[in-house]
Amino acid sequence: MDYCKRLKQLRIQNGYTQEQIAFILHTRQEQYSKYENGKRDLPLRHLITLCCLYKVSSDYILGIEKFIK
């Protein structure tokens with residue numbers, strides 16, 4: 001699974017909308033949608049924020065680890 005799909009999966013599992021995540025990341029919903037759809041690379045600062053929000057490792061989001069520890 002690529003990280004784009006994992007971003008969407010985590011967002012839905014945690015009950016967030018794209019708009020809510022965009023607000024947390026201080027960006028626009030349209031921009032966040034591009035991350036989930038693979039049209040833009042996710043900046044490192046956003047990856048760190050999402051790891052903290054979802055309580056997962058960057059390796060999990062990036063697909064290096066298959067399971068949440």
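The values are calculated or read from the model by the stated rules, or taken from the named source; none is laboratory data. The model shown is predicted, which means the values in this text are computed figures rather than measured ones. All Cβ positions, even for glycine, are placed from backbone atoms using ideal geometry, and neighbour counts span all protein chains on display. Note: accessible area is taken over every heavy atom of the protein model, side chains too, but ligands, DNA and RNA are not part of it. Shrake-Rupley method; radii C 1.70, N 1.55, O 1.52, S 1.80 Å.
Could you please give the count of residues in the stretch 11-47 that are under 10 Å from the mean Cα position of the chain (by Cα) and aromatic (Phe, Trp, Tyr)?
Qualifying residue count for the region: 2.
Conditions first: (1) exposed (fewer than 12 other Cβ atoms within 10 Å of the Cβ); (2) at pLDDT 95 or above; (3) not β-branched (Val, Ile, Thr). CYS51 passes all but one, so which condition is the exception?
Of the numbered conditions (1) exposed (fewer than 12 other Cβ atoms within 10 Å of the Cβ); (2) at pLDDT 95 or above; (3) not β-branched (Val, Ile, Thr), the odd one out for CYS51 is (1).
Could you list all residues from the stretch 31-46 that are open to solvent by 20 Å² or more (accessible area, probe 1.4 Å) and in contact (Cβ under 8 Å) with a residue 12 or more places away in the chain?
SER33, ASN37, GLY38, LEU42
Between a first residue in the stretch 1-28 that is touching a residue at least 40 places away in the same chain (Cβ under 8 Å) and a second residue that is among the small types (Gly, Ala, Ser), which pairs have beta carbons less than 8 Å apart while being 6 or more apart in sequence or on different chains?
Within 8 Å, the pairs are MET1/GLY63; ASP2/GLY38; ASP2/GLY63; TYR3/GLY63; ARG6/GLY63.
Just to confirm my filter: which helices (runs of 4 or more DSSP H) fall fully inside the chain and include at least 2 residues that are of a type in the set (Phe, Trp, Tyr)?
Counting at least 2 such residues, we get 29-36.
Can you give me the number of residues within the stretch 7-30 that are more than 26 Å from PHE67 (Cβ to Cβ), buried (at least 16 other Cβ atoms within 10 Å of the Cβ) and not hydrophobic (A, V, I, L, M, F, W, C)? Steps first, please.
Of the stretch 7-30, the ones more than 26 Å from PHE67 (Cβ to Cβ) are 19, 22-23, 26-30.
After this cut, where a residue has to be buried (at least 16 other Cβ atoms within 10 Å of the Cβ) as well, the list is 22.
Restricting the remaining residues to those that are not hydrophobic (A, V, I, L, M, F, W, C) gives none.
Count: 0.
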